[in-house]
Amino acid sequence: MASNVTTQGQEAVVCDLCQSPVSFFCRRCGVNLCDPCALLHLRVKSKFGHDVVDYSSKDDDDVCLCDSHPENICSAYCKECDVPICILCVSIKHKLHEISELQDKIDELLKDINRENDRLQSFRDDLERVLDNTTKTASSLSSVYERKKDEVTARGEEWHKLIDNHVKKLHQELDDLKKKNEAVLLKQKKEYEDVIEKIDKMNRKTTKLQNSKNITEMQKFRPVITEQNTLKEFTQHTFPTFYKCKIDENYLQSYFGYIEKMHERKISLLTEKISIPDPDSGRKVLELPSVSSVIDTGFPADKMYNNRLYDMAVTDGQKVWMGGNSYQLKLFDLQGHLERTITITCAGTYICMYNKQVVYTDRGDDIVKKISDDDTVVTMFTTGYWKPYGITGSASGDLLVCLCKDDQSKVVRYSSTGTVLQEIQYDSQCQPLYLDAYYITENINGDIIVTDFKMKKVITVDRLGIFRYSYSGGKNASSVATDSVGQVYVTDYQGEKIHMLDRDGRFLRYIIPEGGIKYPRAVCMIGDSEMIVGECKTGLAKRTKFFE
């Protein structure tokens, strides 16, 4: 309880314990102390300890004054009335109520505030990356649209004077789209900056309250920070695409080409943060990984390259589907016994497990298909004029598919019904991320990892489609897989080894099974200590233990 005495018309603060001139203040207990009482006070045990400071350095904003006795500092909390109270209130108005230490309530409030602040800061990190990508995209917008104009112009030169007017029309269309695109991106950029500014303001307020005793201010601030909304999604804008058509002077619009309008898709920012285990916790890579079983898939060799086995997918029941140079999908157990054979209409397929069913890409018909429980082939969705290659299921319940058309390649996120949820094709400088996207997997942190056949390397973007890293340490990156701690395994087709990377793309070591591995292509993980690696030209799949 703060005590005041009047001296020559002014109030002087005195010690709460003995009425002597005050020298110190205990922030934890909210009491004024003289020199002797400060020493005695420090000797008294307290649940939360003491924080005794020089009285002159006391900040009035750091204390909570009693509503009933404004001259007194609150040192307790009435649970029944849900208000902070002073010592005088404890013995009078709230005598029969349940009372707790003020610090208990302070800790409760700060816990809620800190949790919400952590939520905002985590969201801010994602938004900062989106803002940075949006800023870079906006800055390179002119060069992108100039390149699109060049495409149109190059096409126009084939037609000479016949198409001059049509070229001018398309140029104007691109100019209008550029203005619209630029306006949208700049508006989006401003929205992100405004949200970040609000979050920073909340953070500064939270930081100030850390050493505060002003519970009233905390109570006012808690609903403010709790109600501070965060963006649930951000808008991804694609760039226009110039589609070439067959030349016909009577139908320029239909056959020369047209500009596909800019469109937008919503991409969720509110994904659950995954706690990734420590990769070094009790695990050690074997110096000589051992092969426990070999599966002879029996796929025939193609006439041009002698390739046999292309892709694999491990089921929950510890069995493995195989796809190769045959109009069949085969299911083996891990000892190499053939259990099922499904006839399909394409060869050299790419496969994955999705909702406990095997899903594959049919490049002949540009369709994604699945095998039902009764072995019937079911069409899931088509991929338009793009040929589907590598495919994988994602933690969000979607499918990620590598698509190629002419000299273009991209990754598309589909729902189970074929709705396009996300397209990943360009980096922040509007340059193509992929030339020939081949195999694909999703890491535990949401990274999307792709091997590119033409570039012979691994390209990784985060779940928002923003470039993270690339790896080109091998002779020819083929397939890719990840384990439960986020480490990445890349088969090196020509180097005849597996490259082990950490979750940020840094090289860790090579994995070479005993007896070696010939032309490794497909790779899948079996638990946390084994993998199964497919030899493309022999058609053999080797179950390999590489962790102790």
* What net charge do the residues around residue 169 carry, taking every other residue with its C-beta under 12 Å from that of residue 169, with Lys and Arg at +1 and Asp and Glu at -1? -> -3
* How do 146, 496 rank when sorted from fewest to most other Cβ atoms within 10 Å of their own Cβ? -> 146, 496
* Asked: Around residue 319, what is the net charge, scoring Lys/Arg as +1 and Asp/Glu as -1 over all other residues with Cβ under 13 Å from its Cβ?
  -> +1
* Structure fact -> The farthest towards the positive end of the charge dipole of the chain, of the residues 421, 88, 22, given +1 on Cβ of Lys and Arg and -1 on Cβ of Asp and Glu, is 421
* Asked: If you put +1 on each Lys and Arg Cβ and -1 on each Asp and Glu Cβ, how big is the dipole of the chain around its Cα centre, in Debye rounded to 20?
  -> 1040
* Average projected area of the Cα convex hull of the chain, in nm²? -> 37.8
* **Whole-percent pair-distance distribution, where bins are 10 Å wide, for the alpha carbons of the stretch 171-228** => 20, 30, 18, 15, 11, 6, 1
* **Percent antiparallel among DSSP beta bridges (both partners in the chain, rounded to 5)** => 100
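Which ordering of 514, 98 is given by a fewest-first count of other beta-carbon atoms within 10 Å?
Lowest count first: 98, 514.
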* Going by alpha carbons, how many degrees (0 to 90, nearest 10) lie between the helix axis of 141-159 and the longest principal axis of the chain? -> 20
* Structure fact -> The local net charge around residue 117, scoring Lys/Arg +1 and Asp/Glu -1 for residues other than residue 117 whose Cβ lies under 14 Å from its Cβ, equals +4
* Could you give the distance between the Cα centres of the stretch 453-517 and the stretch 423-450, to the whole Å? -> 14
* Subtract the Cα-Cα distance of residue 39 and residue 112 from 0.36 nm times their separation in residues, and report this length gain in nm to one decimal. => 22.8 nm
* Given 0.36 nm per residue, what is the gain on full extension from residue 395 to residue 183 after removing their alpha carbon distance, in nm? -> 72.9 nm
* Asked: With the contact rule set at Cα under 8 Å and sequence spacing of 6 or more, what percent relative contact order holds for the stretch 289-547?
  -> 16
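Can you tell me how much longer the chain between residue 91 and residue 286 gets when fully stretched, taken as 0.36 nm per residue apart minus their C-alpha distance, in nm with one decimal?
Taking 0.36 nm per residue and subtracting the Cα distance, the gain is 63.1 nm.
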* **Cα principal axis extents for the stretch 289-547, largest first, Å** => 46, 43, 36
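Assuming R0 = 45 Å, can you tell me the calculated FRET efficiency for the pair residue 100 and residue 462, based on Cβ-Cβ distance, to the nearest 0.05?
0.50
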* How high is the relative contact order of the stretch 55-159, given as a whole-number percent (alpha carbon pairs under 8 Å, six or more residues apart)? -> 15
* Is it possible to state the helix-based mean residue ellipticity at 222 nm for the chain, with each DSSP H run of 4+ residues giving -39500 (n - 2.57), the sum divided by total residues, to the nearest 500 deg cm²/dmol? What is it? -> -8500 deg cm²/dmol
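Any read-out appearing in this document is the output of simple, stated calculations on the displayed coordinates, not a laboratory observation. What you are looking at is a predicted structure, and each value in this text was computed from that prediction instead of being measured. Note that each Cβ is placed from the backbone with ideal geometry, even for glycine, and that neighbours are counted across all protein chains shown.
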